[in-house]
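Report on one structure; see the data block that follows.
The values are calculated or read from the model by the stated rules, or taken from the named source; none is laboratory data. What you see is a predicted model; the values in this text were computed from it and never measured. Neighbour counts run over all protein chains shown; Cβ positions are idealised from the backbone, glycine included.
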Amino acid sequence: MRIPQQTLEVEFFIYGGLVLTDEQVIAIHSFMSELRRDLGLRPDQSVKFSSHARPEHVRFEDWTAAKRAILQELLRLEVRFMAYAVHHSIAAGQSVQRRNEFALNTILWGFHKLLEEVQDHGMVTVDEPDLEGRIVIGNLLNRGLEIDGREVRLPRIVSYGRSHVDWTHCLSACDVLLGSFRYCVNHPDRAASAEMFPVVARLLHHRERDGVAYIREHGLFLRPLQVRVDGIRRRYDNLTRNLETLLSERQANR
């Protein structure tokens, strides 16, 4: 799970993570290793969504093509991701740590719900790029989450750990995917979003009924659940509708 670079100049704070099988982890590692060689990256140079991470020797066009290739590889591998989103005007009153913890807890609850549905177990790796928003994960295994003053255990999640985008290629790929999602959500009218959003939407975990895709509380977790401000509520509804339309169109074109 990863927090892509955020700024208050956009509407939504985004958090999320990839849902991976063992085979997908290995495939992503191999793909990213080869991509890094092709780009000529040093060990201390990271592959991220942000163009600020682009080394000087890599052309902008090649950096963009590399990110596009990562998204296509995740699509080929049928990877899924979950995303948490909250409007910045709502999250503004929270500390960075509290905001991050609430986002993580929401995604953990969604991941555990998925594991319950498929009757499986999973492990969680949290990437934390800075100390300011450091999330306390030490009690999650034995205590679970605290929701409305009560403890909610997550028995299907059997391990929690910390990592970094430079320690596993999966978090590097996660940064590119979540960064792409964040860009599309916050800049829906830009040309780059028109290209990326149909691909990113197909990777979002969802449920299908009668050819219609549903994402709310499956792959997309918008908070709060009840929004009193009409403008923000419409923005949440429009985002949901756009993503579900892209997914449903894909199902119809199969």
**Message:** residue 181 - would you say it is out of contact with any Cys (no Cβ under 7 Å at 6 or more places or on another chain) and in contact (Cβ under 8 Å) with a residue 40 or more places away in the chain?
**Reply:** yes
**Message:** Can you pull out every residue in the range 205-231 that is among the hydrophobic types (A, V, I, L, M, F, W, C) and either part of a loop (DSSP other than H, G, I, E, B) or over 17 Å from residue 13 (Cβ atoms) (or both)?
**Reply:** 212, 213, 215, 225, 227, 229
**Fill in**
Among (1) surrounded by 14 or more Cβ atoms within 10 Å (Cβ to Cβ); (2) at pLDDT below 85; (3) not acidic (Asp, Glu), residue 93 falls short only on (1)
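Yes or no, residue by residue, for (1) in contact (Cβ under 8 Å) with a residue 60 or more places away in the chain; (2) over 19 Å from residue 78 (Cβ atoms); (3) of a type in the set (Ser, Thr, Tyr):
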residue: 146; (1), (2), (3): no, yes, no
residue: 157; (1), (2), (3): no, yes, no
residue: 194; (1), (2), (3): no, yes, no
residue: 199; (1), (2), (3): yes, no, no
residue: 223; (1), (2), (3): yes, yes, no
residue: 226; (1), (2), (3): no, yes, no
residue: 245; (1), (2), (3): no, yes, yes
**Request:** Determine whether residue 20 is under 21 Å from residue 202 (Cβ atoms), among the aliphatic types (A, V, I, L, M) and at pLDDT 95 or above.
**Result:** yes
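Residues are listed down the side, and each one gets a yes or a no for (1) crowded, with 17+ Cβ neighbours inside 10 Å; (2) among the polar types (S, T, N, Q):
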site	(1), (2)
142	no, yes
145	yes, no
150	no, no
155	no, no
158	no, no
168	yes, yes
175	yes, no
180	yes, yes
**Message:** Of everything in the range 52-67, what is part of a helix (DSSP H, G or I) and without any contact (Cβ under 8 Å) to a residue 60 or more places away in the chain? Give them in sequence order.
**Reply:** 52, 53, 60, 61, 62, 63, 64, 65, 66
**Message:** I'd like the residue in the range 223-246 that is β-branched (Val, Ile, Thr) and surrounded by 14 or more Cβ atoms within 10 Å (Cβ to Cβ) and, out of all such residues, is nearest to the chain's Cα centre (by Cα).
**Reply:** 240
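Checking the structure you have, find out if any residue of the range 193-204 is out of contact with any His (no Cβ under 6 Å at 6 or more places or on another chain) and not in a helix (DSSP H, G or I). Spell out how you get there, then give the answer.
Residues of the range 193-204 that are out of contact with any His (no Cβ under 6 Å at 6 or more places or on another chain), as a first pass: 194-204.
With the extra rule that they be not in a helix (DSSP H, G or I), the set shrinks to 204.
Yes.
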**Fill in**
Scanning the range 37-51 for residues that are under 16 Å from residue 184 (Cβ atoms) and in a loop (DSSP other than H, G, I, E, B) gives 49, 50
**Message:** So residue 10 ticks every box in (1) surrounded by 14 or more Cβ atoms within 10 Å (Cβ to Cβ); (2) part of a helix (DSSP H, G or I); (3) of a type in the set (Val, Ile, Thr) but one. Which box is left unticked?
**Reply:** (2)
